[in-house]
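Colleague: Below: one structure in structure tokens.
The values are calculated or read from the model by the stated rules, or taken from the named source; none is laboratory data. Model, not experiment: these values are computed from the prediction. Here the Cβ positions follow ideal geometry from the backbone for every residue, glycine too, while neighbour counts run over all protein chains shown. Areas reflect the complete protein model, heavy atoms only, side chains present, ligands, DNA and RNA absent. Shrake-Rupley method; radii C 1.70, N 1.55, O 1.52, S 1.80 Å.
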Amino acid sequence: MIQNPTEVMSPPRAPQARSESAAEDVAYRPELPRSPVALFSARHKWLVLATSLLVVLGGVGLLGTLGITTQHVNEQLVGDSAVAMEIMDGADFGDAPTEFVIVTDPAGALDPGRAQALGAELVATYQDTPGVTSVGEPFPGVDGSLVLPLEFAADADGAALEVDGSLEATSDLADQHPDLTVGQFGQTSLDQEMNETVGEDFERAELFAIPATLIILLLAFGAVLAAGVPLLIGLGSVAVALGLTAVISTWVPVDQNSQAIVLLIGLAVGVDYALLIVRRAREERHAGASVLDSIGIAGATAGRAVTISGLTVVIAMSGMLVAGGMFTSLGLGAMFVVAVAVAAAIFVLPAVLALLGDRIEALRLPFTRRREARRGTDRSLWGRLAGAVTRRPATALLVVGGAMVALAMPALGMKTAIGGVETLPQDLAGVQAYQQFHTAVPAEGDALQVVVSAPAEAADEVEAALLGAADRAEGIELVSDAADQVDQSVDGTVTVWNIGVEVSSSDERLSAVVEDVRGEVLPQLRADLSDVPGAEVHLGGQAVVTDLTSWMDDRLPWVVGLVLTLSLVVMLLSFGSPSLALATVGLNLLSVGAAYGVLSLVFGGTWAEGLLGFTSTGAVASWIPMMLFVLLFGLSMDYHIFVTSRVREAFDGGHSAREAIRYGVARSAGVVTAAAAVMVGVFSIFGTLSMLEMKQLGVGLAVAVLVDATVVRGVLLPAVLALLGKRAHTGPAWLPKLHH
């Protein structure tokens, strides 16, 4: 038993130059457990490494061969609007893919004479443009602009086969008429431009994420090989997880954001888990353990913390399976990569450490030796801070906890929405053209779509009923225009009527408009068509936004409840203390609340637009709160479990409850800071992407991890543990002793 805490906190010594056989003759800290799994991997390193290499190559091969099949956007919809969109998708309207060329005079409406000349010029320009099969008649927009519809040959998915020629012609026209704004808008051209932008974004993210992670690891370890090992584990975990995702997507198509989530979480978590174990192994080796002993001890201590943490993260991610819908595939991808990262850290990493041995210290940076000597002692910043907090725990908890609560307060006013074109980068040519088109033809821009399915012989009656409801629809506040014609399928069984609205999909007022249309227009239409057998009336278009947002908001409490309950059980069984388990849940909720507050502050207003390069919609993407909750609740457990494990280790080794806190924080806070720096670095890169949703996710995660790893684990956790005293390490006799 260790009686003098200062002996434990002595500076790490250089590795002892002795052979493995000699080391095994002298027992090194026999009170510390050794992991049989880590020792097996270390002793059979070539078998483990060869198998791991085959698994990684298999993952890369599966990804390259199968690819990742993504969901069609309509597969993610819910409610009445999902039925409307399904009916529309199943109907053949005989329409070729259409793009619109819009010419606007910034000074006002086009002069009639000039508009006529421009119309003739536009028709002549696009008549022989490659890909264009038909040029429609130019027509004036409500704002005095000129609109020209173009039809294209369709591919197997119904999109325009080739729009590059028309886009080039549109660009030439803009150059020829510098006093006018000439744009081209259509789903195909917008999708093409967005795919190129997103592709460039992720290439840039991958380009910067790996070097940034390596630099942080170099600063943390001070040696090139030691820094490279966690990065290698992280990249391997991502490769395997993407391969598994590719296989699953052949049966269950995944959300289009799944690949980004796997990369984001996999790189951060894979590097973090490996970093925690490598640092513990090096610490024990510096203290005199043999290479094999250091690997076994690291596996039984840091490896155990990683296993518990990974289990908690996977449990948190499983909350998304309960939510269902689009969250199922996002949750599966995140669960895969976390599970793979844990397996790599537990099974593969010991083999890598055994292969490298003391060579892991090779290519050491000279300026890090003095810092290594201070690490884990009372002289370190974290050691001094822990000492100060444990002397005044109540004061620290009230002051810092109060600040965290204040930071979380803006979350009470958080607005969520499923963003549309307004959430895309506003400097894209397609987005700017859309704004032109929406102003020129409001009923064809942000519109609600009344969809009627009825027998073909009732097509005329359905059309008359829809057009007859125009006055009622236009009387609703924020309805801009009701179309004076309908679109009918070739067989006459499906009719669609557009109702233009003055608000975007991110505007919180949209839900009121949808509710009014459903409450005033649809009941009257159903009454008018009551004599038509089998007639169905549904509302689609922008109504999908309110239906999906409402569905996500309804699912969030259930997900939160499940994650909190399961996390409480895991902590209870892992550490055997009800008080500690409840404190863990409370601190994690505080971290999540602070992240929500920061999101509301940054993206709910306009003050940060120039700083982060976005155009505020006043709302956070509807899927972000649930995703952030499960990710942050799971990831924050990494640091909490690692710090708490070191505190528990000191307490079991003979320290008093308060001394154990100082010891545990001093020995673990440095590696927690390094691990958090990796996560913050990776997440921050995603905060620079063009897509507003990815920017919100990246900023939210980066800020939350930074606060969690510093303020919460450096101040609040020590304060709570000091107030709990021995209760943080003991529990009732009836509790299963799985934590042993």
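Colleague: Once the Cβ-Cβ distance between Gln176 and Val73 is put in as r, and R0 is 30 Å, what FRET efficiency do you end up with, to the nearest 0.05? Each step should come with its number before you reach the end.
Modeller: On the way: r = 36 Å, r/R0 = 1.21.
Result of the calculation: an efficiency of 0.25.
Colleague: What number, rounded to the nearest 500 deg cm²/dmol, is the helix-based mean residue ellipticity at 222 nm of the chain, given -39500 (n - 2.57) per DSSP H run of at least four residues and division by all its residues? If you can, show how the numbers build up before the last one.
Modeller: Details: 29 runs with 448 residues, N = 740.
After summing the helix terms and dividing by the residues of the chain, the value is -20000 deg cm²/dmol.
Colleague: Next up: When you have a sec, figure out the Kirkwood radius of the stretch 311-365 from all distinct Cα pair distances and drop it here in Å to one decimal? The partial results should precede the final answer.
Modeller: On the way: mean 1/r = 0.0753 Å⁻¹.
13.3 Å is the Kirkwood radius here.
Colleague: For the chain, what proportion of DSSP beta bridges, expressed in % and rounded to the nearest 5, is antiparallel? Please report the intermediate quantities before stating the final value.
Modeller: Values: 37 of 40 bridges.
That works out to approximately 90 percent antiparallel.
Colleague: May I ask you to derive the FRET efficiency for Thr395 and Leu365 from their Cβ-Cβ distance with R0 = 41 Å, giving the value to the nearest 0.05? Write out the running numbers ahead of the final one.
Modeller: Numbers: r = 39 Å, r/R0 = 0.95.
Given R0 = 41 Å and the Cβ-Cβ separation, E is 0.55.
Colleague: Roll a 1.4 angstrom probe over the protein heavy atoms and tell me the percent of accessible area of the stretch 105-160 that is carbon or sulfur. Display every interim value, and only then the final one.
Modeller: Details: 1590 of 2960 Å².
Summing carbon and sulfur atoms, their accessible area is 54 percent of the total for the stretch 105-160.
Colleague: Once each part is reduced to its C-alpha centroid, what is the distance from the stretch 337-352 to the stretch 587-654 in angstrom?
Modeller: 25 Å
Colleague: Considering amide H positions built from the backbone, and no H for Pro or chain starts, which residues 5 or more places from Asp255, or on another chain, come under 5 Å of its amide H?
Modeller: Residues meeting the criterion, in which the H sits 1.01 Å from N, are Gln71, Ser329, Leu330.
Colleague: Using a cut-off of 20 Å between alpha-carbon atoms, which aspartates and glutamates can reach Lys726, once sequence neighbours fewer than 8 places away in the same chain are excluded?
Modeller: The reachable aspartates and glutamates, counting only those whose Cα sits under 20 Å from Lys726, are Glu649, Asp652, Glu659.
Colleague: List the residues, sorted by chain then number, that are 5 or more residues from Ser480 or on another chain and whose placed amide H is less than 5 Å from its amide H.
Modeller: Gly500, Val501, Glu502
Colleague: Between (1) 39.1, 128; (2) 30.4, 100; (3) 28.1, 111, which entry matches Rg and Dmax of the Cα atoms in Å as derived from the coordinates of this structure?
Modeller: Read-out taken from this structure: (2).
Colleague: Which whole-number value in Å² is the accessible area per residue of the chain, probe 1.4 Å?
Modeller: Accessible surface, normalised per residue, equals 40 Å².
Colleague: Further question on the same structure: Which length gain, in nm to one decimal place, applies between Arg509 and Leu225 when the Cα-Cα distance is subtracted from 0.36 nm times their residue separation?
Modeller: Values: separation 284, 0.36 × 284 = 102.24 nm, distance 5.58 nm.
Fully extending the segment from Arg509 to Leu225 adds 96.7 nm.
Colleague: Then there is this: For the stretch 422-545, with all protein chains present and a 1.4 Å probe, just round the carbon and sulfur fraction of the accessible area to a whole percent. Don't jump to the answer; show the numbers that get you there.
Modeller: Numbers: 2180 of 5070 Å².
Carbon and sulfur together cover 43 percent of it.
Colleague: What is the extension gain from Asp95 to Arg384, computed as 0.36 nm multiplied by their sequence separation minus the C-alpha to C-alpha distance, in nm to one decimal?
Modeller: Values: separation 289, 0.36 × 289 = 104.04 nm, distance 7.17 nm.
Taking Asp95 through Arg384 to full extension adds about 96.9 nm, to one decimal.
Colleague: Calculated FRET efficiency, Arg472 and Thr65, Cβ-Cβ r, R0 51 Å, to nearest 0.05? Please report the intermediate quantities before stating the final value.
Modeller: Working: r = 55 Å, r/R0 = 1.08.
Once the sixth-power term is evaluated, E becomes 0.40.
Colleague: Let me ask something additional. Assuming 0.36 nm per residue, please report the length gained on full extension of the stretch Val123 to Ala107 beyond their Cα-Cα distance. Could the numbers behind the result be given before it?
Modeller: On the way: separation 16, 0.36 × 16 = 5.76 nm, distance 2.37 nm.
Net length gain for the segment: 3.4 nm.
Colleague: With each label point set 7 Å from Cα along the Cα-Cβ vector, what nm distance links Trp734 and Val142?
Modeller: Each label point is offset 7 Å from its Cα along the Cβ direction, giving 6.8 nm.
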